[in-house]
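Since the structure comes first, as structure tokens, the remarks are kept for the end.
The values are calculated or read from the model by the stated rules, or taken from the named source; none is laboratory data. Not measured: the values here are computed from a predicted model. When we count neighbours, we look across all protein chains shown, and the Cβ atoms used for this are built from the backbone with ideal geometry, even at glycine. In case anyone asks, the SASA skips ligands and DNA or RNA and just uses the protein heavy atoms, side chains included. Shrake-Rupley method; radii C 1.70, N 1.55, O 1.52, S 1.80 Å.
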Amino acid sequence: MNNKILLIDIDGTICDDIRNEDAHLFPTAKPYNGAVENINGWFDKGNTIIFFTAREEKDRAVTTQWLHDHNFKFH
């Protein structure tokens, strides 16, 4: 198998583009159509999914919760 490690940005890539100055909106971001299905498909094929972001450390918990709430699979 040729499994890959995929580094995926969050804002403006898999969901609405929200700036750090508007961090209160992170929980309400809408995932882009097909984002969950595509990423979960890659995960299910054995690829490693790692999300990275310019969001601040103070927003880690809300970001992780958002990913779980929208059923993104990741490592």
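Summary table below
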| read-out | value |
| --- | --- |
| Enumeration of residues in the stretch 1-53 that are of a type in the set (Asp, Glu) and either open to solvent by 90 Å² or more (accessible area, probe 1.4 Å) or in a strand (DSSP E or B) (or both) | Asp9, Asp11, Asp17, Glu21, Glu37, Asp44 |
| Total residues in the stretch 1-26, condition farther than 14 Å from Glu56 by Cα and either among the aliphatic types (A, V, I, L, M) or out of contact with any Asp or Glu (no Cβ under 7 Å at 6 or more places or on another chain) (or both) | 13 |
| Among the candidates Phe51, Phe26, residue that is aromatic (Phe, Trp, Tyr) and under 12 Å from Ile8 (Cα atoms) | Phe51 |
